[in-house]
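This report refers to the structure that appears directly beneath it.
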Amino acid sequence: MAGKKTVFVDSDILVIGGGFGGCGAAYESRYWGRDKKVVVVEKANIERSGAVAQGLYAINCYMGMRWGENEPEDYVRYQRNDLMGLVREDLGYDIGRHVDSTVHKFEEWGLPIMTDPATGRYQREGKWQIMIHGESYKPIVAEAARKAADAVYNRIMVTHLLMDKKKPNRVAGAVGFNVRTGDFYVFQSKAVIVAAGGASHIFKPHSAGEGMGRTWYAPWSSASAYALPIRVGAKMTQMENRIVLTRFKDGYGPVGAYFLHLKTYTQNGYGEPYEPAWRQSIEDMVGDYVNHEPVPTCLRNHAFLKEVEAGRGPIRMVTKEAFKDPHKEIVGWENFLGMTIGQAVVWAANNIDPKEVNPELVMSEPYVMGSHATCSGAWASGPEDYAPDEYQWGYNRMMTVDGLFGAGDTLGGTPHKFSSGSFTEGRLAGKAANKYVDDLGTNPPEVSEDEYLELKEMIYQPLETYRVGRNEITAGTVSPTYLLPLSGLQRLEKIMDEYCGGVGQRYMVNEPLMMRGKELLKMLKEDLANLGADSLHQLQRAWELHHRVLASECVTAHTMFREETRWPGYYYRGDHPKLDDKNWHCFTLSQYDERTGEFEMEKAPVYHLVDDVKQAAE
């Protein structure tokens, strides 16, 4: 577009996303690449960006190896158990053996970690969680990344990756625009690490109206972690493995601290325990998985949903007992004031005092978040000293596109990374990216001028579409010539909710529903060419919508491909209602062809590298 200044930035390692994965990548890239130029690009401001922007009350991934609390093998068993057998054990082990050193760095940098006065150990909230004073968690970690990087470009919405004009299937950089000035940015780099956010707001939120943005996960996580690599042909894995979480009603406050630290529990609307009543029916559906300890999250969800369907809701968290203890009452309130202040406000506004009233719980809409309790994301190479040959192609955490690495939400197969694990995975990617750059020698990638100029025109088109089309209406927002980003988003959420297992359908899908959903997604995608943006902020929203739609197509393709119900409580295949380990104890892989708009699907084997507890004891 004429009038938009083009800014060129060269680097050795380009990090897209300034959350915990990106901060870890920047930090470690500098450690191993003292002579390299490291650049970080962030959509917001790195000081308060990513899922931990508002704060966090616990670090959810810490082994405690120096005190003999857990080993990396235990972490792999935990991942494998909760994900019903399907995880990349090589990637999980790799995080487990390094994550403690990450947490120790956080403490050195000034993060206040609570300790047990009797033992001097970190105060545990659960087997994997340690308690922190985390209001400034992100600024502390961001400071380390800022000091490590040569430059941090805030307020840049990255829309597309650039490919090497000399060699196919090799990344060469990225393009985007400044959401404040409108300047166009061309980033050329020898290696790219994608550490952007996963996908919220692809399914219709449980909250509606004024509360539609009140989701459990960060609403600014717009699926860039997936859309960027999908578009350039990187293989994706387990994108059907969305997550649905139990949360406090209306405020979406997390429940983990209440279960683990305050020792609260749940009851149905009649004050009765309900999970044991569903154990046998769950075993009939999924087999022995229900007898594992702890019971997988999705199966606990399933019992919750079945109890409500049976007419015995609402499900409540029993807080009245715990809150009689003044210390636990303080912890309960501070847990939300430190990271989900909206939940405290909702309780106050609705006359809910957890000391007097057991608050209601609800199931969230689905999210696709590779750093949380799902395996969704890009298919990546594993560590050379631990990964099976089929999982290893030269550089740790590199996708199937040369020079393209990932961390955090971006990479699949490694659930339960959370903040510390995502930072650790960023470190692993940063180290490997340095080796990749060193091995390039005198053959670096080059961006294509034709490609980035074509993308520039495409990126700014919504501004021009609105400028021309706004004169065709005199009032309101409905135009015959353009679609506003919010309208497109609501249309996407409706499609995914109704045809791909959202909360409105009680998470139920089947092939006919998804076939129709694919048709509707295709039509929506065609209409995105007519997006109109009246400002740079709306231009950002337009490209976030593009990313969400592409990721949603991938989620739908994967969900259709896996013909079983692997994770009841997250979603159900009505036409394949049981778990089928004989045919589907495998990973699902997809590769997108931008020319045809289709996803090619395949299976990949699951390798169990860590013995279960009983075998290990023998």
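The values are calculated or read from the model by the stated rules, or taken from the named source; none is laboratory data. Keep in mind that this is a model prediction, so the values were computed, not measured. Note that we place each Cβ from the backbone using ideal geometry, even for glycine, and neighbour counts take in every protein chain shown. Just so you know, the surface numbers come from the protein's heavy atoms only, side chains and all, with ligands and any DNA or RNA stripped out. Shrake-Rupley method; radii C 1.70, N 1.55, O 1.52, S 1.80 Å.
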- Evaluate the following for Ile202: is it at pLDDT 95 or above, within 30 Å of Asn335 (Cβ to Cβ) and not polar (S, T, N, Q)? yes
- Starting from residues that are of a type in the set (A, V, I, L, M, F, W, C) and within 15 Å of Gly271 (Cα to Cα), keep the ones in the range 286-309 and report whichever is least open to solvent (accessible area, probe 1.4 Å). Phe304
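On the basis of being open to solvent by 20 Å² or more (accessible area, probe 1.4 Å) and either under 30 Å from Val606 (Cα atoms) or of a type in the set (Val, Ile, Thr) (or both), does Gln267 make the cut?
Working: open to solvent by 20 Å² or more (accessible area, probe 1.4 Å): yes; either under 30 Å from Val606 (Cα atoms) or of a type in the set (Val, Ile, Thr) (or both): no.
No, not satisfied.
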- Could you count how many residues in the range 381-427 are under 20 Å from Lys190 (Cα atoms) and not in a strand (DSSP E or B)? 15
- When (1) surrounded by fewer than 24 Cβ atoms within 10 Å (Cβ to Cβ); (2) touching a residue at least 40 places away in the same chain (Cβ under 8 Å) are applied to Met212, the one that fails is (2)
- Item | Conditions (1) in contact with a strand residue (DSSP E or B) (Cβ under 6 Å, 6 or more places away or on another chain); (2) part of a helix (DSSP H, G or I); (3) of a type outside the set (Ser, Thr, Tyr); number of the one not met by Met317 | (2)
- Here is a list of conditions, (1) at pLDDT 85 or above; (2) over 21 Å from the mean Cα position of the chain (by Cα); (3) open to solvent by 10 Å² or more (accessible area, probe 1.4 Å), and Val362 meets all of them except one; can you say which number that is? (2)
- Note on the structure: When Ile46 is run through (1) open to solvent by less than 60 Å² (accessible area, probe 1.4 Å); (2) among the β-branched types (Val, Ile, Thr); (3) more than 20 Å from Gly426 (Cα to Cα), the failure sits at (3)
- Yes or no: Leu550 surrounded by fewer than 18 Cβ atoms within 10 Å (Cβ to Cβ) and not acidic (Asp, Glu)? no
- Query: Could you say whether any residue in the range 91-103 is crowded, with 16+ Cβ neighbours inside 10 Å, among the basic types (Lys, Arg) and touching a residue at least 40 places away in the same chain (Cβ under 8 Å)?
  - Reply: no
- Message: Which residue is nearest to Ile140 (Cα to Cα), if the candidates are limited to the range 9-54 and must be polar (S, T, N, Q) and over 22 Å from the mean Cα position of the chain (by Cα)?
- Response: Ser29
- Item | Residue identified as touching a residue at least 24 places away in the same chain (Cβ under 8 Å), crowded, with 21+ Cβ neighbours inside 10 Å and out of contact with any Pro (no Cβ under 7 Å at 6 or more places or on another chain) among Pro462, Pro444 | Pro462
